[in-house]
Amino acid sequence: YVSICPPAPLEFLGDLALRHRARLLSRSNRLCEQGLTAVKEFCARQEDWIAWAEPLGSSTCFLRLRHGASAERFCREIAEDVETRLMLLPGPLFEAGDSHLRFGFGRANTADLLVRLEDHIARHGPPSSS
């Protein structure tokens, strides 16, 4: 959505953000680097049921479920688990196929989210094709 006449408060905030872009980008880059490290470590620990390709310049990645597991079924299971309290998005929402799920790692709590996902796996087992 593009507007040729944004409200004055938005113009002010945009100008303010541009004046402080180095600081804002530094924070975002730090969060992404920390999150990427957490995802790498998670995938290494869970390599028997998950695969991935490190993104080249994004704060999101696709995790591929091995062994024919359904990402839609797994994401629904995660969403319904009141102890896990996570929301993952299945690949079909992004035309990526049902063996993929999208995971964002540009947040300060990425490592904590992955611990919750691992806790879910410890309680229920990894996703499977059945």
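Some notes on this structure:
- Rounded to the nearest 10 degrees, the angle from helix 110-124 to the longest Cα principal axis of the chain is 20 degrees.
- Accessible surface, the stretch 8-128, averaged per residue in Å² (probe 1.4 Å): 63 Å²
- Computed lengthening from Glu47 to Glu77, 0.36 nm per intervening residue step minus Cα-Cα distance: 8.8 nm
- Amide hydrogen proximity for Ile50: with H placed 1.01 Å from N in the peptide plane, the residues at 5 or more positions away or on another chain lying under 5 Å are Arg66.
- Principal semi-axes in Å for the chain [√(5λ), Cα gyration tensor, largest first]: 33, 17, 14
- By definition, a body whose alpha carbon gyration tensor gives a ≥ b ≥ c is oblate when a/c is 1.5 or more and a/b is not larger than b/c, and the stretch 68-130 fits this oblate description.
- Percent accessible area from carbon and sulfur atoms, the chain, protein chains only, probe 1.4 Å: 55 percent
- Extreme residue, positive dipole direction of the stretch 59-130, given options Thr60, His124, Thr84 (C-beta unit charges): Thr60
- Residue ranges 120-129, 59-68 sort as 59-68, 120-129 when ordered by packing (mean number of other C-beta atoms within 10 Å per residue, highest first).
- Leu24 versus Thr60: modelled label distance in nm, points set 7 Å from Cα along the beta carbon direction: 2.0 nm
- Sequence-distant residues sharing a close amide H with Leu89 (under 5 Å, placed H): Arg102
- For the stretch 74-90, the Karplus equation 6.51 cos²θ - 1.76 cosθ + 1.60, evaluated at θ = phi - 60°, returns couplings of 5, 5, 5, 4, 5, 5, 7, 7, 5, 6, 7, 6, 10, 10, 10, 10, x Hz by residue, with Gly and Pro reported as x.
The values are calculated or read from the model by the stated rules, or taken from the named source; none is laboratory data. On a predicted model such as this, the values are computed, not experimentally measured, just so you know. Neighbour counts are summed over all protein chains in view; Cβ atoms, including those assigned to glycine, are modelled from backbone coordinates with ideal geometry. Side chains are part of the model used for accessible areas, which takes the heavy atoms of the whole protein and leaves out ligands, DNA and RNA. Shrake-Rupley method; radii C 1.70, N 1.55, O 1.52, S 1.80 Å.
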